[in-house]
Amino acid sequence: MNIAAIYEGHYYPEKSAKRRASTVAGYDSSVRLHVLPRWGCFEIEDIDPDDVQDWVDSFDKPGAAMKAFKCLRQIIRWWIRKKRLVIADPTVYVDLPELAPYEHEALEADQTVELLRGMWGHWTEAVTICAVTLGLRRSEACALEWSDINLKTGEVKVRKSRQCIKGEIITDKTKTPMSTRSCWLPRFAVNRLRQIKGTGLITGDVSPDKVARAIKTWCRRNDLPHVSMTNMRHTWGTLAVESGVGIETVAMMLGHTDIDTAYNHYIVRRKTICVAAQESVERHLFDRAPKLRRLPAA
């Protein structure tokens, strides 16, 4: 059975039934754009590893190459495992391109305050407040309703996500079990949300894309600091670490399954964080040895 028949008749239907619609849509686009046109007519036994290597090397963008290759590899390995086939996996011999490290954008503390003040009265103000002060994913922030927010305690229940998939707005469960969580708003955010309750949060047929565009347009028109809603999440993580919050707490608030994800993907390495760490170590050092108020000069 060739790759196209495996994918269309078996792999795609099974994954569609088990995975979130947004996850399936993301990988399906890569499969149809890159994998099936090149490998659709091949059976696994006929795929030459050298040809796969040439295919990977032909991509202009390493990220696209990586995603397409992983899609092909997953289909092949899934089928081998499902059918208990005793055949070679042609993808094990391929060298993948190195990805350039992604540099996250994050607002400084004063820029964050300026953004929040500048959003005053805009129809996306409430969702911006929640995105910036809770470090929510865009899909989580755009799925919030007033019933999810306790304006007495500040608790926000993150229970669902909203995305636009192939032109259709879909509300689904959160990305992972750890993403289903409760967060607590800072006091100033609770106070402002009380004032604007009933407006601003994303409900009905408003897509996350429209929300993100509206925020960007408003910021440009009013010369406000701006980052994407994804980078609002990075902003909160960075500000939290910068203010002394432990990485394990940051990971919990962001809804990650492990600390490494928060550290590797959501923390911008700022001078202020490193300097604060050294100041803390310095205080500890001389608290332990108070007589050594200064080290001898070289």
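The values are calculated or read from the model by the stated rules, or taken from the named source; none is laboratory data. Predicted, not measured: the structure shown is a model, and the values here were computed from it. Every residue, glycine as well, gets a Cβ built from its backbone with ideal geometry; the counts of neighbours run over all protein chains shown. These accessible areas exclude ligands, DNA and RNA; they are computed on the full protein's heavy atoms, side chains included. Shrake-Rupley method; radii C 1.70, N 1.55, O 1.52, S 1.80 Å.
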Note on D28: of the conditions (1) farther than 30 Å from E140 by Cβ; (2) free of Cβ contacts under 8 Å to residues at least 40 places away in the same chain; (3) not polar (S, T, N, Q), unmet is (1)
For region 27-43 the number of residues that are surrounded by 13 or more Cβ atoms within 10 Å (Cβ to Cβ) and either in contact with a strand residue (DSSP E or B) (Cβ under 9 Å, 6 or more places away or on another chain) or outside any helix (DSSP H, G or I) (or both) is 4
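Residues that are open to solvent by less than 30 Å² (accessible area, probe 1.4 Å), at least 1 per element: which strands (runs of 3 or more DSSP E) completely within region 159-260 meet that?
Numbers: elements: 161-165, 168-172, 181-184.
Result: 161-165, 181-184.
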Scanning region 81-100 residue by residue, those assigned to a loop (DSSP other than H, G, I, E, B), over 21 Å from A68 (Cβ atoms) and open to solvent by 80 Å² or more (accessible area, probe 1.4 Å) turn out to be R84, V86
| Hey, S207 farther than 25 Å from C274 by Cα and under 14 Å from the mean Cα position of the chain (by Cα) or not | no
Those residues of region 123-147 which are open to solvent by 10 Å² or more (accessible area, probe 1.4 Å), touching a residue at least 40 places away in the same chain (Cβ under 8 Å), in a helix (DSSP H, G or I) and farther than 15 Å from S228 by Cα amount to W146
Those residues of region 162-196 which are without any contact (Cβ under 8 Å) to a residue 60 or more places away in the chain and under 20 Å from I129 (Cα atoms) amount to R162, S182, W184, L185, P186, R187, F188, V190, N191, R194, Q195
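Working only within region 101-113, note down all residues that are open to solvent by 60 Å² or more (accessible area, probe 1.4 Å) and not in a loop (DSSP other than H, G, I, E, B). Explain how you work it out, then say what you get.
From region 101-113, those open to solvent by 60 Å² or more (accessible area, probe 1.4 Å) are 101-103, 105, 108, 110-111, 113; that's our starting set.
D110, Q111, V113 - these are the residues of region 101-113 that are open to solvent by 60 Å² or more (accessible area, probe 1.4 Å) and not in a loop (DSSP other than H, G, I, E, B).
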Reported set for region 142-188 where residues are of a type in the set (S, T, Y) and modelled with pLDDT of 85 or more is S147, T153, S161, T174, S179, T180, S182
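Conditions tested, residue by residue: (1) of a type outside the set (D, E); (2) open to solvent by less than 30 Å² (accessible area, probe 1.4 Å); (3) closer than 30 Å to R138 by Cα; (4) not in a loop (DSSP other than H, G, I, E, B).
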| position | (1), (2), (3), (4) |
| --- | --- |
| G9 | yes, no, no, yes |
| A17 | yes, no, yes, yes |
| G63 | yes, no, yes, yes |
| C71 | yes, yes, yes, yes |
| W79 | yes, yes, no, yes |
